[in-house]
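**Q** Below is one structure. I have some questions about it.
The values are calculated or read from the model by the stated rules, or taken from the named source; none is laboratory data. Everything numeric here is computed off the predicted structure, so don't read it as measured data. Backbone-built Cβ (ideal geometry, glycine too); neighbour counts: all protein chains shown. Accessible surface areas use protein heavy atoms only, side chains included; no ligands, DNA or RNA. Shrake-Rupley method; radii C 1.70, N 1.55, O 1.52, S 1.80 Å.
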Amino acid sequence: MDFTTTLLFFALLFSTTKALDPCASKPDNSDLTVIPIYGKCSPFNPPKPDSWVNTVINMASKDPARVKYLASLVVQKITAVPIASGQQILNIGNYVVKVKLGTPGQLMFMVLDTSNDVAWVPCSGCIGCSATTFSPNTSSTYASLDCSLPQCAQVRGLSCPATGTAACSFNQSYGGDSSFSANLVQDSLGLANDIIPNFSFGCINTLSGKSVPPQGLLGLGRGPMSLLSQSGSLYSNVFSYCLPSFKSYYFSGSLKLGPVGQPKSIRTTPLLKNPHRPSLYYVNLTGVSVGKVRVPIAPEYLAFNPNTGAGTIIDSGTVVTRFVQPLYQAIRDEFVKHVQGPFSTIGVFDTCFDATAEAEAPLITLHFEGLSMTLPMENSFLHTSAGSRACLAIAPVPNNVNAGLNVIANLQQQNHRILFDVANSRLGIAREACN
């Protein structure tokens, strides 16, 4: 056998052997070979001789952890913060949520307010505040903010020197008869299982009046200092709440934050934005019905006007729905046609009647662009302590405020899921029992 023949023989033998080798790579490397971890072609050492049952059991020992991980990718987290009537918890007409401030978290019952942005709480050493205060000294994540920081410029009633550095302090009024002084600070905010680090809020040091919520306020408006803005992409500019009855003793309501867990089939109306009042949630109220009668009202008393502030807002902090005088009068005039008098005035309510006539009282329906909200009996009438008189639970706008603003208040929102989808500029309303 000459040299050339011998060379061809060994080349053929090598290529044949490689072709028959199950562990050999394909010559063009076109495919990525997948092999069992303990197969003959595996570079790993096989386990000690054992039954395949035990081998598979050992291999599957980490499956539960992996299944849990895979499930976490499918089932997204719902953030639901408990809501209770402030009447039962703090003897106030607002609704409160459970939050924790600082590290470790200090429990506070803060009022839920959709028409305010900056949150604030009474801090230790505060003059005129309630006994329950937030203690900055016991929080490892607390930090004060000075006037040079951008957050400071977003606060109303700012009190900063023209030059030099100083603590960011501000003064605000609340509820018409109260005011407070506070410093803007930062700390961790705990909502259910979520922690929002470096949350900016007011630390109240001086307070006068009785309208300021005793354990602070959580602003859910849509301005730059609100919870939605400060939480960034965490909640995607979406939240909803269900407010229980004032008489409910429990934290049976809920504040749901983020798009996960929100109702899928809910009727919505566009959210309108007023550049002069950017925090408020304006909607387009197109009419009101008493029973089957749509009350006659001139369009200008319903129209949204960003220049004057006229229009209709949804508000969690106001207790009783208020309508501009002509609209309220039209509702009242139609209502008294269906209910036997005589009528009397109790406080702000001027349409009170004998409770035995309540069964014949017509329901009130609020018509918005794209949806209508018929108020149940419990959202429409209030009763005296003796139960002998019932009052239509709406009132005219007070004479000393903007006469063009209608306010849909928390009494009328009770036991409804109110969805604020700011990202898509819409507001949803659906019945939901949360007592």
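**Q** Take the conditions open to solvent by 40 Å² or more (accessible area, probe 1.4 Å), modelled with pLDDT of 95 or more and of a type in the set (Ser, Thr, Tyr) and apply them to Thr286. Does it pass? Can you show your working first?
**A** Working: open to solvent by 40 Å² or more (accessible area, probe 1.4 Å): yes; modelled with pLDDT of 95 or more: yes; of a type in the set (Ser, Thr, Tyr): yes.
So Thr286 fits the description; yes.
**Q** Out of the strands (runs of 3 or more DSSP E) lying entirely within the stretch 186-283, which hold 1 or more residues that are surrounded by fewer than 21 Cβ atoms within 10 Å (Cβ to Cβ) and of a type in the set (D, E, K, R)?
**A** 194-208, 267-272
**Q** Please count how many residues of the stretch 372-388 are in contact with a helix residue (DSSP H, G or I) (Cβ under 7 Å, 6 or more places away or on another chain) and buried (at least 19 other Cβ atoms within 10 Å of the Cβ). Working first, answer last.
**A** Initial filter on the stretch 372-388 (in contact with a helix residue (DSSP H, G or I) (Cβ under 7 Å, 6 or more places away or on another chain)): 375, 379, 381, 383, 387-388.
So of that shortlist, the ones also buried (at least 19 other Cβ atoms within 10 Å of the Cβ) come out as 375, 379, 381.
The qualifying residues number 3.
**Q** Another one. Right, Arg417: open to solvent by less than 20 Å² (accessible area, probe 1.4 Å), in contact (Cβ under 8 Å) with a residue 12 or more places away in the chain and touching a Pro at 6+ places or on another chain (Cβ under 7 Å) or not?
**A** Values: open to solvent by less than 20 Å² (accessible area, probe 1.4 Å): yes; in contact (Cβ under 8 Å) with a residue 12 or more places away in the chain: yes; touching a Pro at 6+ places or on another chain (Cβ under 7 Å): yes.
When the stated conditions are applied, Arg417 passes them.
**Q** I'm trying to understand the selection: among the residues of the stretch 397-419, which are closer than 24 Å to Leu327 by Cβ and either among the aromatic types (Phe, Trp, Tyr) or in a strand (DSSP E or B) (or both)? Before the answer, list the steps.
**A** Residues of the stretch 397-419 closer than 24 Å to Leu327 by Cβ: 397-414, 416, 418.
The answer is Leu405, Asn406, Val407, Ile408, His416, Ile418.
**Q** Within the bounds of the stretch 326-339, is there any residue that is part of a strand (DSSP E or B), exposed (fewer than 14 other Cβ atoms within 10 Å of the Cβ), at pLDDT 95 or above and out of contact with any Gly (no Cβ under 6 Å at 6 or more places or on another chain)? Show your work before the answer.
**A** Here is the first cut: in the stretch 326-339, the ones part of a strand (DSSP E or B) are none.
For the stretch 326-339, residues part of a strand (DSSP E or B), exposed (fewer than 14 other Cβ atoms within 10 Å of the Cβ), at pLDDT 95 or above and out of contact with any Gly (no Cβ under 6 Å at 6 or more places or on another chain): absent.
**Q** Still on this model: For the stretch 289-298, how many residues meet the condition of being surrounded by fewer than 18 Cβ atoms within 10 Å (Cβ to Cβ) and within 32 Å of the chain's Cα centre (by Cα)?
**A** Number of matching residues: 0.
**Q** So how many residues does the stretch 145-169 have that are modelled with pLDDT of 90 or more, assigned to a strand (DSSP E or B) and out of contact with any helix residue (DSSP H, G or I) (no Cβ under 8 Å at 6 or more places or on another chain)?
**A** 2
**Q** For residues in the stretch 304-325 being without any contact (Cβ under 8 Å) to a residue 40 or more places away in the chain and open to solvent by 50 Å² or more (accessible area, probe 1.4 Å), which is farthest from Ser85 (Cα to Cα)?
**A** Keep residues of the stretch 304-325 that are without any contact (Cβ under 8 Å) to a residue 40 or more places away in the chain, which gives 304, 306-307.
Narrowing further to those that are open to solvent by 50 Å² or more (accessible area, probe 1.4 Å): 304, 307.
Details: Phe304: 31, Asn307: 35 Å.
Checked the stretch 304-325; the qualifying residue farthest from Ser85 (Cα to Cα) is Asn307.
**Q** Among strands (runs of 3 or more DSSP E) lying entirely in the stretch 344-396, which contain 3 or more residues that are under 27 Å from the mean Cα position of the chain (by Cα)? Let's see the steps before the verdict.
**A** Working: elements: 344-346, 349-354, 364-368, 371-374, 381-383, 389-392, 394-396.
By residue number, 364-368, 371-374.
**Q** Restricting the stretch 160-170 to residues that are polar (S, T, N, Q) and surrounded by fewer than 15 Cβ atoms within 10 Å (Cβ to Cβ), which is farthest from Ser211 (Cα to Cα)? Full working, then the answer.
**A** Pass one, the stretch 160-170, residues polar (S, T, N, Q): 163, 165, 169.
Those left that are additionally surrounded by fewer than 15 Cβ atoms within 10 Å (Cβ to Cβ): 163, 165.
Numbers: Thr163: 34, Thr165: 32 Å.
Residue satisfying both the conditions and the ranking: Thr163.
**Q** Hey, Asp177 hits all of (1) more than 20 Å from Gly93 (Cα to Cα); (2) surrounded by fewer than 19 Cβ atoms within 10 Å (Cβ to Cβ); (3) charged (D, E, K, R) but one; which does it fall short on?
**A** Of the numbered conditions (1) more than 20 Å from Gly93 (Cα to Cα); (2) surrounded by fewer than 19 Cβ atoms within 10 Å (Cβ to Cβ); (3) charged (D, E, K, R), the odd one out for Asp177 is (1).
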